[in-house]
Amino acid sequence: YYEIDPRFGTMEDLERLISEAQKRQMYILMDLVINHCSDEHEWFQKAMADPEGEYGSFFYLADKKEGRPCNWRSYFGGSVWEPLPGTDKQYLHMFHKKQPDLNWENPRVRRELYQMINWWLEKGLAGFRLDAIINIKKALPMVDYPADRPDGLSSPDMMLTHARGIGEFLREMKEETFEKYHAF
C-alpha cells in the first residue's frame, strides 16, 4: 500500500508536488479507503493461502458449510458473502466482491493501517478524504434483518443503523495519526 500507480508518476514526483505545494501555502489531500482492500492485496492473498492464520483474522471469514452468517446486501447488489477461493470459507464484502472488508475489530489491522497513514503524513500530506469510513464498524454479532427486496437480503443501511462503536475507532485513529501531524 506504499506504491504509487506509475501512470501518475513516481514517489519522487509526489514528494516534489507536496514540497512545491507547501512553498505556495497549499495542501495536498489524498483519497483513502480503509474499509476494504483489493482481493489482490498481499494480506488477502495470505488469508486465502491460510484462512486460519494471522491474515485470515484481517478479514471477516466464515465457514461455508454453516451457510451465510447474515442476509446483508452488498452496496453493489447480491449477498455480502463470497466464497474464499480454494477454501471452505467465505468472506464479507460490503462493496464489490473484489474489495474484501478489513476486520477493524482486529487491533493488528488498525495498527497496520495507522502505520500506513502515518507514513503518508510523514511525507507531508496534509490529510485524507476518508471514503466509506462509516463501514469500518459492523453490527456484531452479525444477524439477519428483515428482507427489503425479493432477493431476501437486507439493505446495508440496516446494518449501519445497528452498528455501535465507530466513534471509538475514529477517536483511536485520530489520536494515532491525524492529531500527531495536525492533519485533516
Problem - Residue check, A147 open to solvent by 40 Å² or more (accessible area, probe 1.4 Å), touching a Leu at 6+ places or on another chain (Cβ under 7 Å) and more than 21 Å from P100 (Cβ to Cβ) - result: yes
Exercise for the section: Look through segment 113-131, keep the residues that are open to solvent by 20 Å² or more (accessible area, probe 1.4 Å) and touching a strand residue (DSSP E or B) at 6+ places or on another chain (Cβ under 9 Å), and return whichever of them is farthest from P100 (Cα to Cα). Expected result: A126
Completion exercise
Output for Cβ contacts, cut-off 6 Å, separation at least six or different chains, first residue under 22 Å from M26 (Cα atoms) in segment 157-184, second at pLDDT 95 or above and in a helix (DSSP H, G or I), reads T177/Y114; T177/I117; T177/N118; Y181/L121; A183/L121
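So that you can scan it fast, the table gives a plain yes or no per residue for (1) under 23 Å from F59 (Cβ atoms); (2) among the aliphatic types (A, V, I, L, M):
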{"residue": "I134", "(1), (2)": "yes, yes"}
{"residue": "K137", "(1), (2)": "yes, no"}
{"residue": "P141", "(1), (2)": "yes, no"}
{"residue": "P150", "(1), (2)": "no, no"}
{"residue": "I166", "(1), (2)": "yes, yes"}
{"residue": "F169", "(1), (2)": "yes, no"}
{"residue": "E175", "(1), (2)": "no, no"}
Exercise for the section: Would you check which residues across segment 31-90 are open to solvent by 20 Å² or more (accessible area, probe 1.4 Å), β-branched (V, I, T) and either outside any loop (DSSP other than H, G, I, E, B) or in contact with a His (Cβ under 8 Å, 6 or more places away or on another chain) (or both) and list them? Expected result: V33
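If we scan segment 1-24, do we find a residue that is touching a strand residue (DSSP E or B) at 6+ places or on another chain (Cβ under 8 Å) and either without any contact (Cβ under 8 Å) to a residue 40 or more places away in the chain or surrounded by fewer than 18 Cβ atoms within 10 Å (Cβ to Cβ) (or both)? First the steps, then the outcome.
Within segment 1-24, the subset touching a strand residue (DSSP E or B) at 6+ places or on another chain (Cβ under 8 Å) is none.
No, there is no match, as no residue in segment 1-24 is touching a strand residue (DSSP E or B) at 6+ places or on another chain (Cβ under 8 Å) and either without any contact (Cβ under 8 Å) to a residue 40 or more places away in the chain or surrounded by fewer than 18 Cβ atoms within 10 Å (Cβ to Cβ) (or both).
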Practice task
Report yes if Q115 is closer than 30 Å to E15 by Cβ and not in a loop (DSSP other than H, G, I, E, B), otherwise no.
Solution key: yes
Handout entry: Residue tally, condition within 18 Å of H182 (Cβ to Cβ) and within 23 Å of the chain's Cα centre (by Cα), over segment 7-37
Key = 4
Fill in the blank from the handout: Selection from segment 22-35 of residues closer than 21 Å to Q99 by Cβ and out of contact with any helix residue (DSSP H, G or I) (no Cβ under 8 Å at 6 or more places or on another chain) yields D31, V33
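Being assigned to a helix (DSSP H, G or I), out of contact with any Phe, Trp or Tyr (no Cβ under 8 Å at 6 or more places or on another chain), at pLDDT 95 or above and among the polar types (S, T, N, Q) is the requirement here; does Q99 meet it? Can you show your working first?
Numbers: assigned to a helix (DSSP H, G or I): no; out of contact with any Phe, Trp or Tyr (no Cβ under 8 Å at 6 or more places or on another chain): yes; at pLDDT 95 or above: yes; among the polar types (S, T, N, Q): yes.
So Q99 fails the test.
The values are calculated or read from the model by the stated rules, or taken from the named source; none is laboratory data. Quantities reported herein were computed from a predicted structural model and do not represent experimental measurements. Note that each Cβ is placed from the backbone with ideal geometry, even for glycine, and that neighbours are counted across all protein chains shown. We work out accessible area using only protein heavy atoms, side chains counted, and drop any ligands, DNA or RNA first. Shrake-Rupley method; radii C 1.70, N 1.55, O 1.52, S 1.80 Å.
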